[in-house]
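S.K.: If you scroll down you'll find the structure; I have some questions about it.
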Amino acid sequence: MIPGLLVALALGADPQARPSPDAHRDAVARFGAAVWNVRRDRLLTAAKQLEHAARQDPDATAPLKELVRVYTQLGREPDAIRVARQVLR
């Protein structure tokens with residue numbers, strides 16, 4: 001954790017801008033539940049969970065990458081492209 005904090009300070013990032021540990025833990029739990037729902041073809045539920053996880057932990061890219069796949073499977077290509085561009089930023 002200390003090296004990450006030092007890198008954040010060196011890059012000029014605000015270390016207090018990170019989500020709280022509880023929000024991060026909840027986002028990880030939602031991501032896991034969403035992956036579970038994707039594997040069981042519950043795509044709409046998974047999309048909602050991934051969107052919520054991405055809002056809770058804006059620095060995480062895993063929920064956004066999975067959301068691109070879910071949007072593609074749902075036929076929501078414009079949304080998939082928008083999220084993919086967000087991941088690349």
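S.K.: Any idea of the accessible area per residue across segment 17-89, 1.4 Å probe, to the nearest Å²?
M.R.: 66
S.K.: Could I ask something else about it? Just to check I understand the Karplus step: with θ = phi - 60° and J = 6.51 cos²θ - 1.76 cosθ + 1.60, what whole-Hz values come out for segment 22-34, glycine and proline as x?
M.R.: 5, 5, 5, 4, 5, 5, 5, 5, 5, 4, x, 5, 5
S.K.: Pulled fully out, how much extra length does the chain show between Lys48 and Arg85, if you take 0.36 nm times their separation in residues and subtract their Cα-Cα distance?
M.R.: So the extension gain works out to 11.4 nm.
S.K.: While we're on this one: In sequence order, what are the phi-derived ³J(HN,Hα) couplings for segment 53-64 according to the Karplus relation 6.51 cos²θ - 1.76 cosθ + 1.60 with θ = phi - 60°, rounded to whole Hz, with x for glycine and proline?
M.R.: After applying 6.51 cos²θ - 1.76 cosθ + 1.60, I find 5, 5, 5, 6, 10, x, 7, 6, 9, 4, x, 5 Hz.
The values are calculated or read from the model by the stated rules, or taken from the named source; none is laboratory data. Note that the structure is a prediction, hence the values are computed from the model and not measured. The accessibility values were calculated without ligands, DNA or RNA, using every heavy atom of the protein model including side chains. Shrake-Rupley method; radii C 1.70, N 1.55, O 1.52, S 1.80 Å.
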